[in-house]
Structures are given as C-alpha cells and as structure tokens.
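For reference, the structure discussed in these notes is given below.
The values are calculated or read from the model by the stated rules, or taken from the named source; none is laboratory data. Note that this is a predicted model, so its numbers are computed, not measured. Cβ placement follows ideal geometry from the backbone for every residue including glycine, while neighbour counts extend to all protein chains displayed.
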Amino acid sequence: MASSTITVATYNIHDAVGGDGKFAPERIVAVLAEIDADIIALQEVGANHDGVDTLARLRDATGLHAVAGPARWRAAGGHGNCLLSRHPIVECTHLDLTFQRREARSALDAVVDCEGTLLRVLATHLGLRPAERRAQVRSLLKALEAETPHPTLLMGDLNEWFLWGRPLRWLHAHFEATPSPRSFPSRVPLLALDRIWVEPRALLQRLWVHLTPAARAASDHIPVVADIRLPDAT
C-alpha cells in the first residue's frame, strides 16, 4: 500500500501576546507560515481584550479550516483550544476536562479527512496542578481506549514538567515513548510542556521544535512539529 506524509504541529500562542507584552496576531501568522503544517492544534486562542477574533484572523490569513473549542468564556468571547487543518474536519466533539473548581479545561476530539485517509486528532491544554493533570489524562485515555478506529494524534500543552510523573508514564504506556524536545519558555526553552503522540507509533517519522527568531518573539511557547506517515485510503 502506498503512503503519504503530512506535517502536524501543536502551538500555545499565549493569546497572540509575545514576550514583549504586545498583542500581535500577525506574528503568529508568520510563524504558522514558516511551519506550513497540514494540521495545527492551538492553545490559548480567544477574543482579545480589544475585541479582535484571533481565530478568525488566523483562519483568514492561512486559508485553513478552523474549529474552536473554547474551555471558558470571558467578556470578549470564548478562550481555549482550536484546530486548524488544510484537510476537511468531518467530525468534532468537545471533551470537558475541568477538574473540580479549577480553571476550565477541555479537549477537541476531531476526525480529519486527509484525502481519503481518516485521522483522529485530540487537541488539548491540561491544568497546572498534578492531581488535575492526572484526572485529565485518565479522561483522555478513557476516550482513546473506548474507540480508536483511525490513526490517532494527541497534541497540546500538557503542562507536565514531572518527567517521571504518572500522566507521562500513562501516556507513554498507551502511545509508546515519543521524543519530547523543550518548548517553554520561548526565549530559552527549558521544559518539554508541548507534546505530540501518535498511534500507531510507527507512523511518526520525525519530531522537532520550530525554534526560529519569529517563534521566539510571537509567544511564550515554541511550536512542536512532526511528520506523520499515513497509509492511503484503500
């Protein structure tokens, strides 16, 4: 069977506010153009305080399909995860990952039609407390184990800096070990907070951080990018 390769990325854009404190969606657009990925999971996307719809600006600038998955609402509008895709997003559900009274968290669970090959993509942003992340990873794994009819990606900002913590051990057990380059903070990356997992693991061809001057300036996170091999539709 022949195969094709797509490029995917996960990127916490920090509300399009860079290290200089300036709201500048055009810098995020420039970074997305550099990456030129087929599917991008975005975190911390929302309407800025001045009423700018950041997702609409990114969608219009890139020409990609876009789905929003706000985890919470504020005066200017929704805020949370988003998915951009060069290929049609044919299904999408919203998983509520909010833990007790902590800040609302969620995941997008989407199916993308990559020219006849269906790919399941979960895009998420986990919480800051260890107990919170443990509960959220259990919820994600429950959703994955309930049904995995297609090759699957889990992408996002996991906020997990304990390398031997239970959430990472559970994810490695499900997906097998995956490279974890440092992506935060953008000026001098020290922590591997942003992750991409692939199932089956053999589909992962390459994984890296997009460490460019534009990426260092645009957000407090660096994008993580991967090349994924997909079999053609039979």
If you check every pair at least six apart or on different chains, which have Cβ atoms under 6 Å apart with a residue in segment 90-105 that is in contact (Cβ under 8 Å) with a residue 40 or more places away in the chain first and a residue that is surrounded by 16 or more Cβ atoms within 10 Å (Cβ to Cβ) and part of a loop (DSSP other than H, G, I, E, B) second?
Leu97/Arg105
Picked from segment 107-132 (must be small (Gly, Ala, Ser) and assigned to a loop (DSSP other than H, G, I, E, B)), the residue surrounded by the most Cβ atoms within 10 Å (Cβ to Cβ) is Gly127
Counted residues in segment 200-219 being over 16 Å from Thr152 (Cα atoms), more than 16 Å from the chain's Cα centre (by Cα) and surrounded by 13 or more Cβ atoms within 10 Å (Cβ to Cβ) come to 6
Among the residues that make up segment 154-163, is at least one of them farther than 30 Å from Ala30 by Cα, touching a Leu at 6+ places or on another chain (Cβ under 9 Å) and either at pLDDT 95 or above or not in a helix (DSSP H, G or I) (or both)?
yes
Residue in segment 63-73 that is modelled with pLDDT of 95 or more, of a type in the set (Gly, Ala, Ser) and crowded, with 20+ Cβ neighbours inside 10 Å present
no
From the option list Ala173, Ala104, single residue qualifying as assigned to a loop (DSSP other than H, G, I, E, B) and farther than 20 Å from His210 by Cβ is Ala104
Taking segment 189-227 as the region of interest, how many residues are outside any strand (DSSP E or B), aliphatic (A, V, I, L, M) and touching a helix residue (DSSP H, G or I) at 6+ places or on another chain (Cβ under 9 Å)?
5
Got a number for residues in segment 4-62 being among the aliphatic types (A, V, I, L, M), modelled with pLDDT of 95 or more and part of a strand (DSSP E or B)?
7
Check Gly116, Gly165 and return the single one that is of a type outside the set (Lys, Arg) and out of contact with any Asp or Glu (no Cβ under 9 Å at 6 or more places or on another chain).
Gly165
List the number of the failed condition for Ala135; all other conditions in (1) crowded, with 21+ Cβ neighbours inside 10 Å; (2) within 19 Å of Gly80 (Cα to Cα) hold.
(1)
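Assess whether Trp197 counts as being of a type in the set (Phe, Trp, Tyr), out of contact with any Gly (no Cβ under 8 Å at 6 or more places or on another chain) and buried (at least 19 other Cβ atoms within 10 Å of the Cβ).
Against the criterion (of a type in the set (Phe, Trp, Tyr), out of contact with any Gly (no Cβ under 8 Å at 6 or more places or on another chain) and buried (at least 19 other Cβ atoms within 10 Å of the Cβ)), Trp197 qualifies.
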Set Cys82, Cys92: member being of a type in the set (A, V, I, L, M, F, W, C) and surrounded by fewer than 23 Cβ atoms within 10 Å (Cβ to Cβ)
Cys92
